[in-house]
1. Return, in residue-number order, each cysteine of the chain whose C-beta is not under 4.7 Å from any other cysteine's C-beta.
2. Can you sort E392, E229, E296, E43 by 1.4 Å-probe accessible area, starting with the largest?
3. Grab the DSSP H runs of the chain that are 4 residues or longer, score each as -39,500 (n - 2.57), total them, divide by all residues and round the 222 nm result to the nearest 500 deg cm²/dmol.
4. Sorted by packing (mean other beta-carbon atoms within 10 Å per residue), highest first, where do 32-39, 247-254, 15-22 land?
5. What residues qualify as long-range amide H neighbours of G106, i.e. H under 5 Å apart, gap of 5 or more or another chain, H built at 1.01 Å from N?
6. In bins 20 Å wide, starting from 0, what share of all Cα pairs of the chain does each bin hold, as a percent?
7. Projected onto the charge dipole of the chain (+1 at Lys/Arg Cβ, -1 at Asp/Glu Cβ, origin at the Cα centre), which of P5, G128, A222 gives the Cα projection farthest towards the positive end?
8. Quick one: check the C-alpha center-to-center distance for segment 192-233 versus segment 331-377, whole angstrom.
Amino acid sequence: MSELPPELTGTPYGAYAYAYPHKTAYRPFATPVPLRTLWANAECAARFLYLHVPFCEMRCGFCNLFTTANPPGDLPARYLAALQRQAAQVRVALGETRFARLAIGGGTPTYLEPSQLHALFDLAESLGAAPGAIPTSVETSPATATPERLRVLHERGVSRVSIGVQSLVETEVAAAGRAQRTATVEAALASIRETGFPTLNIDLMYGLPGQSVASWLGSLRAALRYQPEELFLYPLYVRPLTGLGRRPDGRPLDDAGWDELRLSCYRAARDLLRAEGYAQISMRMFRAAHAPIAEEPAYCCQEDGMVGLGCGARSYTGGLHYASEYAVGASGVRAILAAYLRAPEAAFAAAHYGVALSPDDQRRRYLIQSLLQTEGLDRAAYQRRFGRDILEEIPQLAVLVEHGLAAAQPGRLRLTAAGVERSDAIGPWLYTAEVTRLMAAYALR
């Protein structure tokens, strides 16, 4: 038996591989790439429209997303005007397009006023993504999930509302840099349920300062009272330039104790949710038996494209990913946002920043986005797309099989339970050397 690499031994915590290549592998393009040419050559049967709203009522201590807290009064209106300029160029580049999915994220989209939310949905419809006609997801927060805003989402056909709660223990969220009253959370969850959205997703976080397995399960049980169709359970990571990352006491425990806490919390939650009838979709995602059946039209994240609009949004084609620049620190975010607000319409006609995917990157993206789901990778589908069996193409996968972290079946490659709980280590272990080099050399601001 081959030796298990050090990256996969000990702690199961590496990095959340929610997209590949990671945004820190992006760089300015030597020559801007016209969107019209880019999307004309993109091979995808369906497309996903994502709109990014980089505003929040507060910046959580663990947050490394592209967002800014409490923007000046006219900034959201100016942002929507810039978003309209960008949409005009994207509309020209795409031509007649039928989207299969729409998601509005951030930040916190419901930071916007109700009239501004209507304007955002109008923009989506002008691009060919009509909520109500296609599955539509919107992110919210306890403080901004007001009845007035929720009514707008419901009127516009939103089918899924995702709310970041993290914990229903006030001392835990306060220690994580999130000032939040449990009564506010409970009122928001009740309003979402009363408004009647088909799918409620609740985000919770484990490994928080002062948290125990018992208090974590207490938050989870409190969330289950609202019968969410989906739950996302995130381990806490302390990232550079975040509020917790700037604090000398940002880590709640020493590394070994913290890893043990997170793993114990994960296993306890997994077992509880399974007992409650939830199916595990990935290390983070759990879906209830009463959740709606997968919605049409179909969308395959491994093969189809995503069109992102807004400062902080990313777009994916098979061979090239592009975005605005990325920052976490307040000054870096402000500078990038200011440039976006100043940009004339013509500037949005090309991609200026991103990464070109090598053939190996394309194969590994398909692998990572499949393998880190409990359903695993369809070996026949992979072979149709790339011409070879996955185990021949990427021999390092044999290590996972040998050590019981994955199971190779005739038609499918799946992570075992031991592999699923190590998803955040396995994902980065599968990155190409070049992407790993680019990420390590990235100067975060």
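The values are calculated or read from the model by the stated rules, or taken from the named source; none is laboratory data. Keep in mind that this is a model prediction, so the values were computed, not measured. Glycine gets a Cβ as well: all are built from the backbone with ideal geometry, and neighbour counts include every protein chain shown. Calculation scope for accessible area: heavy atoms of the full protein, side chains included, ligands and nucleic acids excluded. Shrake-Rupley method; radii C 1.70, N 1.55, O 1.52, S 1.80 Å.
1. Unpaired cysteines in the chain: C44, C56, C265, C300, C301, C311.
2. Values: E392 110, E229 15, E296 130, E43 155 Å².
Ranking E392, E229, E296, E43 by accessible area, largest first, yields E43, E296, E392, E229.
3. On the way: 17 runs with 169 residues, N = 445.
The helix contribution divided over the chain gives -11000 deg cm²/dmol.
4. Ranking the peptides 32-39, 247-254, 15-22 by packing returns 15-22, 32-39, 247-254.
5. It is V53, by chain and number.
6. Histogramming the chain at 20 Å steps yields 24, 62, 14, 0 percent.
7. Most positive-ward Cα: G128.
8. Each part reduced to its Cα centre gives a spacing of 30 Å.
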